[in-house]
Each structure stands twice: as C-alpha cells, then as structure tokens.
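Okay, structure first, notes after.
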Amino acid sequence: MNILNTRFVRGFVKMADDGFQQGWHERNGGNLSYRLKEEEVQHILPRLMDHGTWQPIGTSVPGLAGEYFLVTGSGKYFRNVIVDPEACIAIIELDDKGENYRIRWGLVEGGKPTSELPAHLMNHEVKKRVTDGKHRVIYHAHTTNVIALTFILPLKDEIFTRELWESATECPVVFPGGVGVVPWMVPGGRDIAVATSALMEKYDAAIWAHHGMFCSGEDFDLTFGLMHTIEKSAEILLKVYSVRPDKLQTITAENLRAVASSFNVTLPERFLYEK
Ligand code: 2HA
Ligand code: ZN
C-alpha cells in the first residue's frame with residue numbers, strides 16, 4: 001500500500017497541519033510521533049527501505065524494542081508537512097534492545113528524526129505500559145498561552161491543574177488526572193526526557209516551563225483535542241489575569257466535585273484544596 005495513502009499517515013499529516021494552523025509551530029518548533037500498530041507495519045512492509053544504518057537513540061527504551069514509529073524530522077517545519085510529507089516525516093524502526101533506530105521510510109532529502117526523540121520514546125514507553133498499549137501518540141507543541149502562564153504561576157502541578165480546571169467547565173472532564181510541570185531545562189536531551197516521562201506515569205499532559213507542552217493519547221483526535229483544550233483554558237486564564245489581578249468569581253472546588261460526579265470522573269483530592 002502506498003504509505004502516503006494509509007490512514008495513519010493521513011491522520012498524522014492532518015494533525016501536524018492542524019497544529020500549525022493554531023500557531024503552535026513557528027519555524028521548526030514542535031514534534032509529533034505515532035507508534036504503529038502491528039497490522040499497519042505488515043501492510044507497508046514491502047514499501048520500506050532496508051538499508052538505513054542504525055543510530056543511537058540517546059537513551060534506552062527496552063519496552064519499545066522492535067516497534068515502528070512515524071515521527072517528524074529534526075529541523076523540519078510543521079508548515080511544510082502537508083505540502084511535502086516524504087521530506088518532513090519518517091518511519092523509524094527500533095532495534096531489539098530499544099537503544100538504536102534506523103530510518104525505513106521518508107526524510108527523502110536527508111535528515112534525522114526529531115531532536116526530541118529521547119523524550120518522545122521515553123514517553124511512549126511509559127504510556128504503552130500504563131495504558132496497556134492504548135496510547136500511541138505523543139505530541140509536543142509550543143502552545144503560546146500555556147508558555148505565557150509559566151512566567152506568572154508557580155511551577156507546581158497542583159496550581160497549574162487547579163487553575164486550568166477552573167478556567168473552563170469541561171477541563172476536569174477532559175483531563176481529570178491533571179497536568180504536570182517540568183521546570184526550565186535544556187531541551188533535546190535525556191535529562192528532560194527522564195523528567196517528562198516520570199510525569200507521564202500519572203498525567204497525559206506535561207508542561208515545559210517557558211517552552212511548551214507534551215501530550216499523550218490513544219489517537220490523533222484525542223491527543224490534539226487534549227492539547228487544544230489545555231491551551232484554550234490557558235488563553236482564558238491569561239485573558240482574565242490581563243484584565244484584573246484576581247477573579248471576581250470562579251468554578252469552585254465544590255463545583256469541580258459536582259462536575260466529577262455528574263460526568264463519572266475521579267478528580268484527585270490534592271487538586272481540590274481550599275483556597
Ligand atoms: O525545534 O520544539 O523542543 C523542535 C522543538 C524542540
Ligand atoms: Zn520545543
């Protein structure tokens with residue numbers, strides 16, 4: 001099957017363009033990865049190249065040994081993914097230890113997978129384990145309003161989660177587990193990957209202070225929707241704080257508990273503290 005016509009490549013390309021249209025991917029900002037299903041790999045196997053050389057991932061992900069991923073390319077622009085996917089994205093295969101990768105398709109003009117490959121793969125490894133293989137998408141975007149909030153709110157999971165839940169009624173239903181926050185760190189390496197994947201044990205979203213956000217999900221719609229919901233909530237909150245230093249009224253802890261019981265979600269008590 002022509003790889004460009006597969007459902008997962010089309011979904012990936014659409015999501016990259018959706019993110020660009022939102023303004024979250026200036027220049028080469030952001031990156032996206034998808035863990036292929038076994039049957040998707042089987043379908044495209046005859047179209048993959050077999051001569052790529054093995055390269056170190058920069059970390060070790062034994063839980064993903066032998067898996068295939070569709071990833072954006074390092075230095076490639078989200079803006080161009082829809083125009084020329086074969087030049088901007090790649091399918092990579094991991095070796096049997098989860099320590100090296102090789103390119104099996106894409107990046108036809110050269111290049112390598114996203115500079116955040118360690119963070120993507122370490123997040124995938126955690127999410128594959130804790131969701132029993134359900135989560136397949138990891139998405140990193142430079143979400144403007146979330147980034148702005150990291151300059152004005154304390155960098156604590158409890159505070160970001162509560163403030164974001166309070167800013168739009170559907171938030172506690174969309175991310176009942178809350179959001180984690182990684183303090184400012186150098187991007188692109190193993191350290192920030194370790195810090196982010198530790199948060200992915202309990203959250204589906206992790207904010208990188210002064211940089212952006214990582215989201216994880218089962219498919220493209222859910223993962224994009226999570227990023228979109230959190231960023232919109234941050235936009236509302238920032239607008240509120242731009243008009244006045246405090247809120248005249250808000251969604252209270254009691255209101256949040258009522259939403260949780262009505263929508264059958266459990267909100268961890270540590271986010272429902274008295275103010
Ligand atoms: O440039 O977003 O975090 C890609 C990135 C690095
Ligand atoms: Zn980034």
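Quick check on my filter: what residues within the range 44-59 are open to solvent by 80 Å² or more (accessible area, probe 1.4 Å) and either within 16 Å of ligand 1 (Cβ to nearest atom) or over 24 Å from LYS128 (Cα atoms) (or both)? Step through it out loud before you land on a result.
Residues of the range 44-59 that are open to solvent by 80 Å² or more (accessible area, probe 1.4 Å), as a first pass: 46-47, 50-51, 53-54, 56.
Within the range 44-59, PRO46, ARG47, ASP50, HIS51, THR53 meet the criteria.
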(request) Collect the residues in the range 81-97 that are surrounded by 19 or more Cβ atoms within 10 Å (Cβ to Cβ) and within 16 Å of GLY52 (Cα to Cα), keeping them in residue-number order. (result) ILE89, ALA90, ILE91, ILE92, GLU93, LEU94
(message) Tell me the residue from LYS247, LYS232 that is surrounded by 15 or more Cβ atoms within 10 Å (Cβ to Cβ) and basic (Lys, Arg), please.
(response) LYS232
(message) Every residue in the range 114-135 that is more than 22 Å from GLU218 (Cβ to Cβ) and outside any loop (DSSP other than H, G, I, E, B), please.
(response) PRO118
(request) Scan ASN100, ASN28 and give me the residue that is away from ligand 2 (no atom under 16 Å from the Cβ), of a type in the set (S, T, N, Q) and in contact (Cβ under 8 Å) with a residue 24 or more places away in the chain. (result) ASN100
(request) Search the range 10-19 for residues being closer than 18 Å to THR114 by Cβ and either touching a Leu at 6+ places or on another chain (Cβ under 9 Å) or at pLDDT below 95 (or both), and hand back the single one that is surrounded by the fewest Cβ atoms within 10 Å (Cβ to Cβ). (result) VAL13
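Looking at SER242, is it at negative phi, modelled with pLDDT of 95 or more and more than 14 Å from the chain's Cα centre (by Cα)?
yes
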(request) State whether one or more residues within the range 78-95 are touching a strand residue (DSSP E or B) at 6+ places or on another chain (Cβ under 7 Å) and assigned to a loop (DSSP other than H, G, I, E, B). (result) no
(message) Looking at PHE20, PHE69 in this structure, which one is of a type outside the set (S, T, N, Q) and assigned to a helix (DSSP H, G or I)?
(response) PHE20
(request) Might you let me know whether the range 147-168 holds any residue that is more than 14 Å from ligand 1 (Cβ to nearest atom), in a helix (DSSP H, G or I) and in contact with a Ser or Thr (Cβ under 6 Å, 6 or more places away or on another chain)? (result) yes
(message) open to solvent by less than 30 Å² (accessible area, probe 1.4 Å) and farther than 26 Å from SER74 by Cβ: which single residue out of LEU153, LEU199 fits that description?
(response) LEU153
(message) On the basis of being farther than 26 Å from ARG10 by Cβ and modelled with pLDDT of 95 or more, does CYS171 make the cut?
(response) yes
(request) List every residue pair whose Cβ atoms lie under 9 Å apart, where the two residues are 6 or more positions apart in sequence or sit on different chains, the first residue falls within the range 111-127 and is more than 18 Å from GLY29 (Cβ to Cβ) and within 16 Å of ligand 2 (Cβ to nearest atom), and the second residue, located anywhere, is basic (Lys, Arg) and open to solvent by 10 Å² or more (accessible area, probe 1.4 Å). (result) MET122/ARG190
(message) With the requirement that a residue be part of a loop (DSSP other than H, G, I, E, B), more than 27 Å from LEU267 (Cβ to Cβ) and of a type in the set (A, V, I, L, M, F, W, C), what does the range 182-221 give you?
(response) TRP184, MET185, VAL186
(request) Quickly run through the range 105-134 and pick out the residues that are of a type in the set (Lys, Arg), open to solvent by 20 Å² or more (accessible area, probe 1.4 Å) and within 15 Å of SER33 (Cα to Cα). (result) LYS112, LYS128, LYS134
(request) Residue by residue through the range 20-43, note down the ones that are closer than 14 Å to GLU67 by Cβ and surrounded by 16 or more Cβ atoms within 10 Å (Cβ to Cβ). (result) SER33, TYR34, ARG35, LEU36, GLU40, VAL41
(message) Go through the range 225-271 and report how many residues are of a type outside the set (Ser, Thr, Tyr), more than 12 Å from TRP165 (Cβ to Cβ) and assigned to a loop (DSSP other than H, G, I, E, B).
(response) 8
(request) Look at GLY217 and say whether it is closer than 25 Å to ALA253 by Cβ and more than 13 Å from ligand 1 (Cβ to nearest atom). (result) no
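The values are calculated or read from the model by the stated rules, or taken from the named source; none is laboratory data. From a predicted model like this one, the values you see are computed outputs, not experimental measurements. With ideal geometry, Cβ positions are generated from the backbone for all residues, glycine too; neighbour counts draw on all protein chains shown. Remember, those area values only see protein heavy atoms, side chains included, never the ligands or the DNA or RNA. Shrake-Rupley method; radii C 1.70, N 1.55, O 1.52, S 1.80 Å.
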